[in-house]
Amino acid sequence: MGAIDSAPVSRLHQIVTEDAIFALAAGREDVAGTLEALGKRRVETYAAVLAGTLLPRALENYDAWVTACSRLLAPIAPPTWLPMMGVVAEKVTLEIGARGLRSLFSSKPSDKEVQRVKRIGALAARTLRAVLAADGHLDPEEMLMLGAFIASLGLDDAEAQVLFHEAPMEPTGIEPYGEVESPIARAVVRGAWLAAAWDILDPREEVAIRAVASKLGIDAQEFEHGRGVAQRFVDTRRLVGLGAVEGVRYVLSDREPGLGIQLPAAIGRLLLPRRYRDEVLAHIGHGAKIVLAKRHAGMSGDDKVAVLGIVWLAALFEDPSQSRKAVLRARYELVCDDMGVDGSKVRSLVEEFVTDRVLFATKPFC
């Protein structure tokens with residue numbers, strides 16, 4: 001029989017919970033499939049945590065956590081809220097590894113796949129940087145957007161650093177250097193629109209997007225469609241962020257100050273578009289009491305499921321005792337009632353994911 005301290009197990013529990021929060025925040029419809037794939041991809045990492053490996057944490061180093069999780073989810077469920085992750089979803093990432101017959105003999109992607117990711121990844125990264133820089137210098141959050149996208153490409157560290165530290169290019173000087181498939185061209189332009197719409201759309205950003213769209217052969221109809229998609233997404237994301245922040249604050253209302261402030265703030269930063277974030281985070285900081293008042297009817301059913309999954313994961317973050325969990329569950333069910341959704345299925349799903357991943361990693365040490 002081996003022996004294991006409770007401290008690394010507790011740390012692993014919180015890391016698994018944070019992973020699951022990020023996965024649900026990615027905005028993909030197949031929550032169960034995303035969690036299952038995430039668990040498989042993290043088997044070795046979770047075992048290493050018990051052996052002392054330190055990973056970026058949401059409440060300790062948010063930027064590094066977002067970057068690491070974006071790369072982690074790149075081949076599974078690229079986060080919909082990060083600009084240019086639609087490009088990654090078109091298999092523009094080396095995190096997928098070898099595909100087709102080659103995968104029977106090697107996990108490494110072919111040279112052709114590597115060159116494709118480098119070429120298209122550079123195009124998307126340069127476009128993203130040009131749009132973000134159109135209204136001035138890139139600030140820390142914009143650098144995080146860029147860094148998370150580049151990390152998701154799966155390039156080696158040296159190549160990723162070169163791309164990350166490139167100077168901004170004039171949009172008219174950005175070249176695709178080869179044919180760009182129509183779905184990828186559309187994804188580049190839509191990613192550029194999302195980056196621009198995340199705060200307040202500046203006319204200079206539109207000029208930059210138009211220049212790149214022209215290079216990629218995007219017509220006027222698709223150009224305007226991309227604008228509309230981005231604006232609707234940002235508005236929808238606001239509802240999701242508000243629902244999650246209020247739900248977490250309600251469930252953890254007796255942990256203020258402390259975790260009841262820290263977790264909602266991190267989740268708000270993750271979910272809320274920048275243009276809507278300051279007001280919500282200010283309410284968190286002031287400790288304004290949450291009153292359930294059926295404010296979230298505008299969310300889709302899938303969004304409500306994701307929000308409730310995040311709320312219950314936040315409740316599990318401290319690895320509560322059975323008596324504490326009963327209190328948390330009672331509050332959680334009041335949040336479910338307020339949203340008009342039965343949250344039992346997603347609650348069981350996320351709790352089982354956390355429990356099973358910790359159990360699977362811990363078992364060899366016991």
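List every residue pair whose Cβ atoms lie under 6 Å apart, where the two residues are 6 or more positions apart in sequence or sit on different chains, the first residue falls within segment 140-159 and is at negative phi and of a type in the set (Gly, Ala, Ser), and the second residue, located anywhere, is at pLDDT 95 or above and outside any helix (DSSP H, G or I). Filtered contacts from segment 140-159: 148/82; 152/74; 152/93.
Show me the helices (runs of 4 or more DSSP H) found entirely inside segment 10-76 where at least 2 residues are under 15 Å from the mean Cα position of the chain (by Cα) and surrounded by 16 or more Cβ atoms within 10 Å (Cβ to Cβ).
Of the helices (runs of 4 or more DSSP H) lying wholly inside segment 10-76, those with at least 2 residues that are under 15 Å from the mean Cα position of the chain (by Cα) and surrounded by 16 or more Cβ atoms within 10 Å (Cβ to Cβ) span 31-41, 62-73.
The single residue among 200, 218, 209 that is assigned to a loop (DSSP other than H, G, I, E, B), modelled with pLDDT of 95 or more and among the hydrophobic types (A, V, I, L, M, F, W, C) turns out to be 218. Beta carbons closer than 6 Å, at least 6 apart along the sequence or on distinct chains, never pair a first residue in segment 252-278 that is over 17 Å from residue 19 (Cα atoms) and without any contact (Cβ under 8 Å) to a residue 12 or more places away in the chain with a second that is among the β-branched types (Val, Ile, Thr) and assigned to a helix (DSSP H, G or I).
With respect to residue 167, is the statement that it is of a type in the set (A, V, I, L, M, F, W, C), more than 17 Å from the chain's Cα centre (by Cα), farther than 21 Å from residue 223 by Cα and in a loop (DSSP other than H, G, I, E, B) true? Even if it seems obvious, please write down each step before you answer.
On the way: of a type in the set (A, V, I, L, M, F, W, C): yes; more than 17 Å from the chain's Cα centre (by Cα): yes; farther than 21 Å from residue 223 by Cα: yes; in a loop (DSSP other than H, G, I, E, B): yes.
Spelling it out, residue 167 is indeed of a type in the set (A, V, I, L, M, F, W, C), more than 17 Å from the chain's Cα centre (by Cα), farther than 21 Å from residue 223 by Cα and in a loop (DSSP other than H, G, I, E, B).
Within segment 6-33, if we keep just the residues that are out of contact with any helix residue (DSSP H, G or I) (no Cβ under 8 Å at 6 or more places or on another chain) and more than 30 Å from residue 300 (Cβ to Cβ), the residue that is modelled with the lowest pLDDT turns out to be 6.
Take the conditions of a type outside the set (Asp, Glu), part of a helix (DSSP H, G or I) and without any contact (Cβ under 8 Å) to a residue 24 or more places away in the chain and apply them to residue 247. Does it pass?
no
With respect to the conditions (1) modelled with pLDDT of 95 or more; (2) among the aliphatic types (A, V, I, L, M); (3) assigned to a loop (DSSP other than H, G, I, E, B), residue 3 lacks only one, and its number is (1). Annotation note: of 281, 328, 271, the sole residue that is modelled with pLDDT of 90 or more and under 19 Å from the mean Cα position of the chain (by Cα) is 271.
Return a yes/no flag: does segment 184-195 have any residue that is at pLDDT below 95 and either in a helix (DSSP H, G or I) or of a type in the set (Val, Ile, Thr) (or both). Among the residues of segment 184-195, not one is at pLDDT below 95 and either in a helix (DSSP H, G or I) or of a type in the set (Val, Ile, Thr) (or both), which makes the answer no. The set of residues in segment 184-209 being farther than 10 Å from residue 131 by Cα and surrounded by fewer than 18 Cβ atoms within 10 Å (Cβ to Cβ) consists of 200, 203.
Anything in segment 79-91 that is in a loop (DSSP other than H, G, I, E, B) and under 19 Å from residue 119 (Cα atoms)? List them, or say none. 83, 84, 89, 90, 91 - these are the residues of segment 79-91 that are in a loop (DSSP other than H, G, I, E, B) and under 19 Å from residue 119 (Cα atoms).
Taking the condition of being farther than 14 Å from residue 26 by Cβ and modelled with pLDDT under 95, how many residues in segment 62-90 meet it? The qualifying residues number 0.
The values are calculated or read from the model by the stated rules, or taken from the named source; none is laboratory data. Worth saying up front: this structure is predicted, and the values here are computed from it rather than measured. When we count neighbours, we look across all protein chains shown, and the Cβ atoms used for this are built from the backbone with ideal geometry, even at glycine.
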